[in-house]
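**Student:** Quick one: this structure, given as structure tokens, is what I'll be asking you about.
The values are calculated or read from the model by the stated rules, or taken from the named source; none is laboratory data. A quick note: this is a predicted structure, and the numbers were derived from the prediction, not measured. Every residue, glycine among them, receives a Cβ derived from its backbone with ideal geometry; neighbour counts consider all protein chains shown.
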Amino acid sequence: MNPWLKALDEANTSLQEQGLVRRLKLRNSPNGPSLNIEGEELLSFASNDYLGLSNHPILKQALAEGSNLYGVGSGASALISGHSLAHQILETKLAQTQKSHIPDVNACFINTGFMANMAMIGALASLGDVSIYSDELNHASIIDGIRMAKAQSKANVFVYPHNDLHALEKLLQQDVSLHKLIVTDSVFSMDGDFAPLSKLVSIAEQNNAILYVDDAHGFGIFGENGYGSLEHFNVCSPNVIYMGTLGKAVGVSGAFLAANKIWIDWLVQKARPVIYSTSPSPAIAHTVLKSIDLINSPEGEVRRKKLFELIDFWKSNAQFKKWSCLPSDSAIQPLIIGDNNSVLQLSEQLKLSNIWVPAIRPPTVPKNTARLRITFNADHTKSDIEKLIVAIRTAEDQLK
């Protein structure tokens, strides 16, 4: 056998034995609380569309309007084909969402949150003599951004225990590097808990460090205006660089970086995903602009209020005999099962009750913490959540 095919066969067999095989399942409907998955109508708790905006009529109209105004493609990177007016208008709006928290803020619209993390972490590390401090539960995009920075710029990398500020401060105090970068999710994607941003800002300022905040699961939801975790914690510092995604609560796609203007200018000089990648669609930029307006409207406020009512309802009623929920105040509500095969069986059992909650397994989460990652949408109802709770309790009695 060809050695490549032999290695592939052995690796696939190993994944199968560990209960770690992934499979794409075809969705035949728009995203929403109810989905058609491979011909089955299922109640879904598996989306990051927390405000239920991904199929909103205003945004569908905006996408058509944006394509008529600007076309659907950007042509090349902005340095080659020009910076679209649609992008500039959106970036001005996105910067305004963080103006109370970052002095002299500017913003950069980018294709994905994954690319945004790679771009900014790499650009910062290019300055040399850098130490990067990363929470152990940070998202894969942060981890890969740090790996790239280490490979390209020989950055020193330290991983501190989850939200352990004492350990972080101890590491910082021993560090003689000229440039220190603390990187954290604001809302951790698999546990749903917060980073202590106010304290992290203080630590960054005391150590002359930059704090890079990935607010993928906070922007659109938290804060009085839905402008994210910096607004929620009411922090302001020139030492903060902020990343928000636009394909989750915002309901469209893309991401943005917001920081003091000097850092956004530096992205254009050194961030490879910005320099060498085709810019996002200008029609998408126009659609995101409309979504930001929607989030900061009475309807957006109502949707956020309803979402948090659903979260509170789940937390008050989701008690189970042998499976435990993690403490979370976000739309991410993990149910820890432990064993890989057990969580797969539970997911399949729920599907028999017409409920869609995919199993999350290592390496996405630590070993022996396989879970259901239950997420809520403002268009869910309390009866939807009751149905989920009853189905989990029934499965708990049926599964060995």
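**Student:** Mind checking which helices (runs of 4 or more DSSP H) fall wholly inside segment 271-379 and carry at least 3 residues that are β-branched (Val, Ile, Thr)?
**Tutor:** 282-295
**Student:** Let me ask something else about it. Restricting the search to segment 91-119, which residues are among the β-branched types (Val, Ile, Thr), in contact (Cβ under 8 Å) with a residue 24 or more places away in the chain and either assigned to a helix (DSSP H, G or I) or within 17 Å of residue 262 (Cβ to Cβ) (or both)?
**Tutor:** First pass over segment 91-119, keeping only residues among the β-branched types (Val, Ile, Thr): 92, 97, 102, 105, 110, 112.
Filter again for in contact (Cβ under 8 Å) with a residue 24 or more places away in the chain, leaving 97, 102, 105, 110, 112.
Across segment 91-119, the qualifying residues are 97, 102, 105.
**Student:** I'd like the full set of residues that are under 23 Å from residue 170 (Cα atoms) and either acidic (Asp, Glu) or part of a helix (DSSP H, G or I) (or both), limited to segment 150-159. It would help to see each step written out before you state the result.
**Tutor:** Our first condition is that a residue be under 23 Å from residue 170 (Cα atoms); within segment 150-159, this holds for 150, 154-159.
Listed by number, the list holds a single entry, 150.
**Student:** Let me ask something else. For residue 235, state whether it is in the same structural domain as residue 289 (by TED's automatic domain parsing) and without any contact (Cβ under 8 Å) to a residue 40 or more places away in the chain.
**Tutor:** Working: in the same structural domain as residue 289 (by TED's automatic domain parsing): yes; without any contact (Cβ under 8 Å) to a residue 40 or more places away in the chain: no.
Considered against the rule, which asks whether it is in the same structural domain as residue 289 (by TED's automatic domain parsing) and without any contact (Cβ under 8 Å) to a residue 40 or more places away in the chain, residue 235 comes out as no.
Here is a yes/no grid of residues against (1) crowded, with 21+ Cβ neighbours inside 10 Å; (2) among the polar types (S, T, N, Q):
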residue	(1), (2)
206	no, yes
219	yes, no
240	yes, no
270	no, no
273	yes, no
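**Student:** Show the residue pairs that are 6+ apart or on different chains and have beta-carbon atoms under 9 Å apart, the first residue being within segment 18-46 and closer than 20 Å to residue 335 by Cβ and without any contact (Cβ under 8 Å) to a residue 40 or more places away in the chain, the second being among the basic types (Lys, Arg) and surrounded by 15 or more Cβ atoms within 10 Å (Cβ to Cβ).
**Tutor:** 22/361
**Student:** Only one of (1) of a type outside the set (S, T, N, Q); (2) within 21 Å of the chain's Cα centre (by Cα); (3) in the same structural domain as residue 140 (by TED's automatic domain parsing) fails for residue 86. Which number is that?
**Tutor:** Residue 86 satisfies every listed condition except (2).
**Student:** Which residue is nearest to residue 227 (Cα to Cα), if the candidates are limited to segment 312-334 and must be surrounded by 20 or more Cβ atoms within 10 Å (Cβ to Cβ) and not small (Gly, Ala, Ser)? Break it down into steps so the answer makes sense when it comes.
**Tutor:** So in segment 312-334, the residues surrounded by 20 or more Cβ atoms within 10 Å (Cβ to Cβ) come out as 314, 323, 330-334.
Within this subset, residues satisfying the condition of being not small (Gly, Ala, Ser) are 314, 323, 332-334.
Numbers: 314: 24, 323: 34, 332: 18, 333: 21, 334: 24 Å.
Step by step, filter segment 312-334, then rank; the result is 332.
**Student:** Within segment 363-383, restricting attention to residues that are among the charged types (D, E, K, R) and in contact with a strand residue (DSSP E or B) (Cβ under 8 Å, 6 or more places away or on another chain), which residue is farthest from residue 330 (Cα to Cα)?
**Tutor:** Within segment 363-383, the subset among the charged types (D, E, K, R) is 367, 371, 373, 379, 382.
Within this subset, residues satisfying the condition of being in contact with a strand residue (DSSP E or B) (Cβ under 8 Å, 6 or more places away or on another chain) are 371, 373.
Values: 371: 16, 373: 12 Å.
Looking at residues that are among the charged types (D, E, K, R) and in contact with a strand residue (DSSP E or B) (Cβ under 8 Å, 6 or more places away or on another chain), I get 371.
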